[in-house]
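The values are calculated or read from the model by the stated rules, or taken from the named source; none is laboratory data. Keep in mind that this is a model prediction, so the values were computed, not measured. Reconstructed Cβ throughout: ideal geometry from the backbone, glycine too, with neighbour counts over all protein chains shown. Only protein heavy atoms, including side chains, enter the accessible area calculation; ligands, DNA and RNA are left aside. Shrake-Rupley method; radii C 1.70, N 1.55, O 1.52, S 1.80 Å.
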Amino acid sequence: MDYLIRFVQMHESFRQAETDAIADLEGLQMQWLHYSADAPFAIIRFTGPTGETTSAARTLIARSILATSIHELWGTGPDYPTLHTSIRALTSAQWPAYQHTSFRFTIDSYHSSRPLASQHTLIESFAYMSFTGPIAMRNPANHFTVFEESRLDAPTPHRLYFGRLVGASGRKQALVKYNLKKRTYIATTSMDAELSLVTANLAQAAAGKLIYDPFMGTGSFPLACAHFGATVFGSDLDGRSIRGQGARSVKANFEQYATASNYLGGFVADLTNTPLRHTRTLDGIICDPPYGVREGLKVLGSTRVALKEVVYLSDGTPAHLGANYIPPKKGYRFERMLDDVLSFAAEGLVEGGRLCMWMPVAGAGEEAEYEIPRHPALRLVSECTQDFNKWSRRLLTYARCADGEVDADALLAYRARRSVLSEAEIGPEVKTTANNLNAFRKRYFEGFRERSAESRCD
Amino acid sequence: MKLLTLNFLTCARKTCKSLPAAFPLHPREAELEQVETDMNAALIKNILPRLEWDAMKTVTTELGLPNLPAETPAPEDLATADGEPSQTLKDLHVLLMDTAVVSGKLVCGNCGHEYAVKEGIANFLLPSHMV
Ligand SMILES: [Zn+2]
């Protein structure tokens, strides 16, 4: 039997990616029979060897954030006569099994609504299934739904489905629980509950896994990953954001959600000088790097020559040993940061481990111009878009390839170009203007694109 | 920061980063706390093969904690015959997940740089001349 997934009609480009990530995590093989970004109803089929699809459907839906429920698909058609014919053909043999159980019928109309009287008439038209059990509005043994899909302002629906509910997602409870308005500690940049949880799904956060956020802020992503049972830790360039103030801190957030057991802790660090060892220990990396929209990108270091030596205070002690020492920071370019994140992920993720990285893009929809950052050891899994007025942001999800799948030459070429790029940027002898950096960047990306076409490990 | 984290951290200086002498960082004047957390057998099982066992032993010895077994415990040592958490697993859990450094210093064995830990948060920011 096929299944209907009831999505929410928002964040459309994230919906399939989220479902695919959950299916992959749970080892479920499925295919999309029908999907449209314009409607909340999608049809899937499980294609794996296991016959027990009801439990597969429940597993698939349980942790979904962008889907609310999954239903056995009992029939479909462009109009009611066709729908009824379809239901008879597909399910008449099963009707007796439902004859005496409690049941309920509802109508789920997208882009239209029906007056109550018309709903009753519609439900009456399904009487041929002759269910004689009690009607139960609360907790019925079987809940049947008529799904009507209409185009905006169309007089009648153009697609109809009939289904039996088999499972609901934890969307509602999770969104209430993680609502930022009720969170102990947040900042203006905290990612909202819904997209944090979706990101955690794309990262395949789950019990037993270790997930790291190098730009943790107030902890939105680690909190979402811990919700799905993962063990998490994070760092931030700004220690104040981890420490918070008084009873409001990242740690207090984990305590609020009773996931403190899953939180290893946070530390103050900079991704370009990370204290994390070069070793493959992470199951997931999840981040929304600070792109300097507010204050410009900063990393440790200084372009001022005087600051390349130890600075001594008037009393002769080195300034950096002082309790209140604040290291100087220098400008840091957007592309360099993306590269740093990808390189870090390639070195730190276990095989199959996932990187979920948010990035802002100028322009929205089809008009947005940007290049997807690539790394020879990372396979792009999905690209999701959240559109705003004049800009958009993308959630890019990558999986770490097996070492055997990585093209060694492409990797060497990538590293060589990367070191040339960083020399050009940090070498004191090279005067870098924004223009020559951009030209360089262009060649850099173009050169890499040709290479990456042959080296992609998918 | 929970002790497990120390197995992932080394000196942040580029000149130390890949040197064996820089890892593990040595806790000094460390104040520890122990907070009981939910048993997470799946995590320990998953993470155990990724740990540098010798570094674990060094850190536990330096902190004056009970000695660890000489070798990384095998996966079958983590559960008893009836599938319950073994004493080995419980001990590992207490060490890695229940024990945390609240304050003190983490010192690089190569360059001697000291990273401060305050309120459980280590600071790895480097002054300019070390970047
Ligand atoms: Zn060092």
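Residue pairs whose Cβ atoms lie under 6 Å apart, separated by 6 or more positions or on different chains, with the first residue in region B:99-128 and within 11 Å of another protein chain (Cβ to nearest Cβ) and the second assigned to a loop (DSSP other than H, G, I, E, B) and open to solvent by 20 Å² or more (accessible area, probe 1.4 Å), are B:Ser128/A:Pro328. Figure legend. Inter-residue proximity from region A:346-366: first residues acidic (Asp, Glu), second residues surrounded by fewer than 17 Cβ atoms within 10 Å (Cβ to Cβ), beta-carbon distance below 7 Å, spacing 6+ or different chains. Indicated pairs: A:Glu347/A:His278; A:Glu351/A:Ala402. Comparison of B:Ala70, B:Ala81 shows that the only residue that is part of a loop (DSSP other than H, G, I, E, B), more than 17 Å from the chain's Cα centre (by Cα) and more than 8 Å from chain A (Cβ to nearest Cβ) is B:Ala81. For region B:40-60, a residue qualifies if it is at the interface with another protein chain (Cβ under 9 Å from one of its Cβ atoms) and of a type in the set (Lys, Arg), and the qualifying residues are B:Lys45, B:Arg50.
Taking region B:9-54 as the region of interest, how many residues are outside any strand (DSSP E or B), away from the ligand (no atom under 16 Å from the Cβ) and not basic (Lys, Arg)? So that I can check it myself, show each step before the final result.
Taking region B:9-54 as the starting set, the residues that turn out to be outside any strand (DSSP E or B) are B:10-25, B:35-54.
If we keep only those that are away from the ligand (no atom under 16 Å from the Cβ) too, we end up with B:35-54.
Then keep just the ones that are not basic (Lys, Arg); that gives B:35-44, B:46-49, B:51-54.
Of the residues in region B:9-54, 18 are outside any strand (DSSP E or B), away from the ligand (no atom under 16 Å from the Cβ) and not basic (Lys, Arg).
What number of residues within region A:188-215 satisfy the criterion of being touching a Ser or Thr at 6+ places or on another chain (Cβ under 6 Å) and within 24 Å of B:Val117 (Cα to Cα)? Total meeting the criteria: 2.
Say we look at region A:241-263 and pick out the residues that are without any contact (Cβ under 8 Å) to a residue 40 or more places away in the chain and within 10 Å of chain B (Cβ to nearest Cβ); which of these is farthest from B:Ala12 (Cα to Cα)? Ranking the qualifying residues of region A:241-263, first place goes to A:Ala258.
Within the option set A:Ala345, A:Ala306, being at pLDDT 95 or above, of a type outside the set (S, T, N, Q) and part of a helix (DSSP H, G or I) holds for one residue only, A:Ala345.
Scanning region A:249-266 for any residue that is of a type in the set (Lys, Arg) and modelled with pLDDT under 95 turns up nothing.
Just name the residue that is surrounded by the most Cβ atoms within 10 Å (Cβ to Cβ) out of those in region A:264-277 that are facing chain B (nearest Cβ under 7 Å) and touching a residue at least 60 places away in the same chain (Cβ under 8 Å).
Out of the qualifying residues, it is A:Leu276.
Taken over region B:1-26, residues that are touching a strand residue (DSSP E or B) at 6+ places or on another chain (Cβ under 9 Å) and either surrounded by 21 or more Cβ atoms within 10 Å (Cβ to Cβ) or facing another protein chain (nearest Cβ under 8 Å) (or both) amount to 14.
Criterion applied to B:Glu62, B:Glu33 was being at negative phi and without any contact (Cβ under 8 Å) to a residue 60 or more places away in the chain, and the one residue passing it is B:Glu62.
Hey, which of the helices (runs of 4 or more DSSP H) in region A:113-224, taking only ones fully inside, have at least 3 residues that are out of contact with any helix residue (DSSP H, G or I) (no Cβ under 6 Å at 6 or more places or on another chain) and farther than 27 Å from A:Leu396 by Cα? Hits in region A:113-224: A:116-124. For the condition at pLDDT 95 or above and among the β-branched types (Val, Ile, Thr), A:Thr82 qualifies.
Is it the case, given these coordinates, that A:Ala247 is crowded, with 17+ Cβ neighbours inside 10 Å and either farther than 19 Å from B:Leu125 by Cβ or of a type outside the set (Phe, Trp, Tyr) (or both)?
no
Restricting region B:91-124 to residues that are more than 14 Å from the ligand (Cβ to nearest atom) and assigned to a loop (DSSP other than H, G, I, E, B), the residue that is surrounded by the fewest Cβ atoms within 10 Å (Cβ to Cβ) is B:Glu119. The numbered conditions (1) over 26 Å from A:Ser36 (Cβ atoms); (2) surrounded by fewer than 17 Cβ atoms within 10 Å (Cβ to Cβ); (3) outside the structural domain of A:Ser249 (by TED's automatic domain parsing) are all true for A:Gln119 except (1). Residues that are in contact with a Lys or Arg (Cβ under 9 Å, 6 or more places away or on another chain) and open to solvent by 30 Å² or more (accessible area, probe 1.4 Å) number at least 3 in none of the helices (runs of 4 or more DSSP H) confined to region A:22-111.
Mind checking which residues of region A:132-162 are charged (D, E, K, R), open to solvent by 30 Å² or more (accessible area, probe 1.4 Å) and modelled with pLDDT of 95 or more?
Once the filter is applied, which keeps residues that are charged (D, E, K, R), open to solvent by 30 Å² or more (accessible area, probe 1.4 Å) and modelled with pLDDT of 95 or more, region A:132-162 yields only A:Arg159.
Please find, among A:Ser241, A:Ser196, A:Ser190, the residue that is among the small types (Gly, Ala, Ser), at pLDDT below 95 and under 17 Å from the mean Cα position of the chain (by Cα). Steps first, answer last, please.
On the way: A:Ser241 fails: under 17 Å from the mean Cα position of the chain (by Cα); A:Ser196 fails: at pLDDT below 95.
Among A:Ser241, A:Ser196, A:Ser190, only A:Ser190 is among the small types (Gly, Ala, Ser), at pLDDT below 95 and under 17 Å from the mean Cα position of the chain (by Cα).
Exactly one residue out of A:Ser220, A:Ser190, A:Ser196, A:Ser249 is over 23 Å from A:Pro360 (Cβ atoms) and out of contact with any strand residue (DSSP E or B) (no Cβ under 7 Å at 6 or more places or on another chain), and it is A:Ser249.
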